[in-house]
Amino acid sequence: MHPQEFYTRKGGIRTMIIVNVKEGESLDRALKRFKKKFEKTGVLRELRSRQAYEKKSVSRRIQVKKAIYKQGLQQEQA
């Protein structure tokens, strides 16, 4: 097992986010890099989606509405 990895309850492997603060780098800059790495992992997005169960039909309906909205925006720009 790699030092930055840990096992989840369901048997998956997660990696820890490590941000090395470089010589002379401000803490704000290091925090910004940490936030960017954290957003890339999608942990917060997954956590929010799992707060309440959503039926597949409901999630599919939401996806269709988003797609229609995006197409409308693209047609306005064209």
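The values are calculated or read from the model by the stated rules, or taken from the named source; none is laboratory data. Computed from a predicted model, the values in this text were never measured in an experiment. Don't worry about glycine lacking a Cβ; one is built from the backbone with ideal geometry, like all the others, and counts go over all protein chains shown.
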* Asked: Which condition breaks for L27 when tested against (1) modelled with pLDDT under 90; (2) exposed (fewer than 10 other Cβ atoms within 10 Å of the Cβ)?
  -> (1)
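Look at K32 and say whether it is of a type in the set (K, R) and under 30 Å from V19 (Cα atoms). Even if it seems obvious, please write down each step before you answer.
Values: of a type in the set (K, R): yes; under 30 Å from V19 (Cα atoms): yes.
So K32 fits the description; yes.
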